[in-house]
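Here is the structure we will look at.
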Amino acid sequence: MTNERIDIQHLTHLARLSLTEDEKQVIGAQLDDILKYMDKLKELDVSNIEPTAHAVPLINVTRPDQVERSLPHQDALSNAPLQADGLFIVPRIIE
Amino acid sequence: MSSTTEYEAVIGLETHVQLRTRSKMWCGCANEFGAPPNTNVCPVCLGLPGVLPVANEEALRLTVLAGLLLNCEIPARARFDRKNYFYPDMPKNYQITQYDQPSAVRGWVDFEFEGAIQRVRITRAHLEEDVGKSMHFAQTSGVDFNRAGVPLLEIVSEPDITSADMAYAYLNALKDILVFGGISDCDMEKGMVRCDVNVSVRPRGTSQLGAKIEIKNMNSFSGVRRALEYEIQRQVSVLKSGGQLVQSTRRWDDQTGVTEEMRTKEYAHDYRYFPDPDLMAFVPSEQWVNDVRKCVVELPLARKQRFMRDYKLPAGDAQVFVDDVPLGDYFELVARHTPNPKGAANWVINNMRALMVQTGKALKDIRFKPEAIGELVALVDQGKISSKSAQEVFAEMFLTGESPSAIVDRKGLVQVSDTAAVEAFCDQAIAANPGPVADFKAGKAAALNFLKGQVMKLSRGRANPALVGEILEKKLKG
């Protein structure tokens, strides 16, 4: 399915996902449905409703500038597929 | 150079500086350079699932303070967004930054360049987080996340810069302001300042902008200057040979001294910015902003201009008091007690500073009171002691803290301005040096200086030199 609003090829690239042609069809259609749902919401008259900046009505949530204990080094690296010299090792980054 | 004169460069800079905080932006890990890799890390800055970032108040404060130092407006509301991309140095797969609601907008920096004051406008200054540091090996890359989440201030200039040298001057002025204001240590060696450059060229006198080329990967100001010198020349060559420039990103290679094109980068809208739902907007109260405003210090250029204006100092002296703020503050204490601030500046810069270096003493160790320098200047200006004796007095007061007048009295250094006494010294010198006397009479003017020196010696430096010259000349010519 091709869609003017959803460029599924581009989106899979941005999300670093590898989808089969079938999956692209299905997910493309689902994303389009979501946009249609948004269109439906747009039909509502919200001119008298104040915009919601955030679901939680809080501002200025901060913490003081104090150093806290970090993770033990080996714990920090425990999920690394590869490690060497204290570094996370990844496939070589080529620009 | 002639090939570039028909063209002009249009340059804008994006400067990233690490803020001087104790802890990181969203977590309590230390903001510290040089720790062993991946030791200042926690679930928040490693981007582990389920964590909640909480903004460092000091980083928000320093960002607003930087905005005020850069003459920016402080919007009522700032917000954090997610900039989405994949790169191994960014474990969350997004960088938290301020996108359309930054903490500071529309300011400017004034600085000295080629004998005039230049102004570069600041588009915005926004707060974001630094990313990890990657190292590249033959087959793999290694990532250290100690730097990930360190508060980073990005200062975006308008394209008001017209040459590589001007970019260099702007960056130095910006650095001075940020160091002065305590915003950042701006230590280049520690990678605390990094720059991206946007540069295009166009025929001189035209107003349409050429294709914008972005240069990345510069971590020294001289690197920025060299990259710009190379890139401006390159762009002009392309245009002159009939070629076309397209918007692109290039990387500066400091080793080879050339820029090279990078792979086409994702366009801005591909970052899919959206408000970070984990973070609340920052809406500083008027009181809070005013408290920050109290920390706005006098900027380096303003200080230099004030010292030149109020104390009639030459630019060089004023610059010394900008570069060494405590010494300048000390000078101001001295300057209050003297009608001759330039004379006082000479003592502070040439004598006091030199002796402090020699003896390893700091300002707090100075034994005499600031007004003592004013007193010394007055003794010289009123002709009570010779400038030669003044040197001796200064050395003594530095050593003991005794007042200049007391030293002059104790050592009998009062200048001899009594004509009869000086005449006696002159007669003695003339009698003892027939050779130079003959030389002078034969037309060798320099011989007079020798005789003057002899008189000063006989008077143990106390004779008024002007009077000595006058009397000697009268005696020898008459």
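The number of residues in the range B:67-108 being of a type in the set (V, I, T), over 19 Å from B:Q18 (Cβ atoms) and not in a loop (DSSP other than H, G, I, E, B) comes to 1. The selection criterion, being touching a residue at least 12 places away in the same chain (Cβ under 8 Å), under 14 Å from B:A164 (Cα atoms), more than 14 Å from chain A (Cβ to nearest Cβ) and surrounded by fewer than 18 Cβ atoms within 10 Å (Cβ to Cβ), does not hold for B:R225. Among the numbered conditions (1) under 30 Å from B:E261 (Cβ atoms); (2) surrounded by 11 or more Cβ atoms within 10 Å (Cβ to Cβ); (3) not β-branched (V, I, T), the only one that A:L35 does not meet is (1). Quick one: is B:N146 touching a residue at least 40 places away in the same chain (Cβ under 8 Å) and on the phi > 0 side of the Ramachandran plot? Against the criterion (touching a residue at least 40 places away in the same chain (Cβ under 8 Å) and on the phi > 0 side of the Ramachandran plot), B:N146 does not qualify. Evaluation of B:Q95 against the conditions (1) free of Cβ contacts under 8 Å to residues at least 40 places away in the same chain; (2) among the polar types (S, T, N, Q); (3) within 14 Å of chain A (Cβ to nearest Cβ) shows that the sole unmet condition is (3). If you go through the range B:453-478 and keep only what is surrounded by 19 or more Cβ atoms within 10 Å (Cβ to Cβ) and either of a type in the set (K, R) or at positive phi (or both), you end up with just B:R462. Within the range A:27-44, the set of residues being outside any helix (DSSP H, G or I) and not acidic (D, E) comprises just one member, A:L44.
Scanning the range B:30-60 for residues being more than 22 Å from B:P277 (Cα to Cα) and at the interface with chain A (Cβ under 10 Å from one of its Cβ atoms) gives a total of 10.
Within the range A:11-26, restricting attention to residues that are within 14 Å of chain B (Cβ to nearest Cβ), outside any loop (DSSP other than H, G, I, E, B) and without any contact (Cβ under 8 Å) to a residue 12 or more places away in the chain, the residue that is surrounded by the fewest Cβ atoms within 10 Å (Cβ to Cβ) is A:H13. Counted as qualifying within the range B:340-458 are the helices (runs of 4 or more DSSP H) with 2 or more residues that are in contact with a helix residue (DSSP H, G or I) (Cβ under 7 Å, 6 or more places away or on another chain), small (G, A, S) and assigned by TED's automatic domain parsing to the domain that holds B:D329, namely B:341-346, B:370-381, B:387-400. Only one entry of B:S200, B:S237 meets the criterion of being among the hydroxyl-bearing types (S, T, Y) and part of a helix (DSSP H, G or I), and that entry is B:S237. Does A:I8 meet the test of being more than 9 Å from every other protein chain (Cβ to nearest Cβ), in contact with a Gly (Cβ under 6 Å, 6 or more places away or on another chain) and not aromatic (F, W, Y)? So A:I8 fits the description; yes. Residues that are over 26 Å from the mean Cα position of the chain (by Cα) and not in a loop (DSSP other than H, G, I, E, B) were ranked within the range A:45-74; the one that is surrounded by the fewest Cβ atoms within 10 Å (Cβ to Cβ) is A:Q74.
The values are calculated or read from the model by the stated rules, or taken from the named source; none is laboratory data. Everything numeric here is computed off the predicted structure, so don't read it as measured data. Note that each Cβ is placed from the backbone with ideal geometry, even for glycine, and that neighbours are counted across all protein chains shown.
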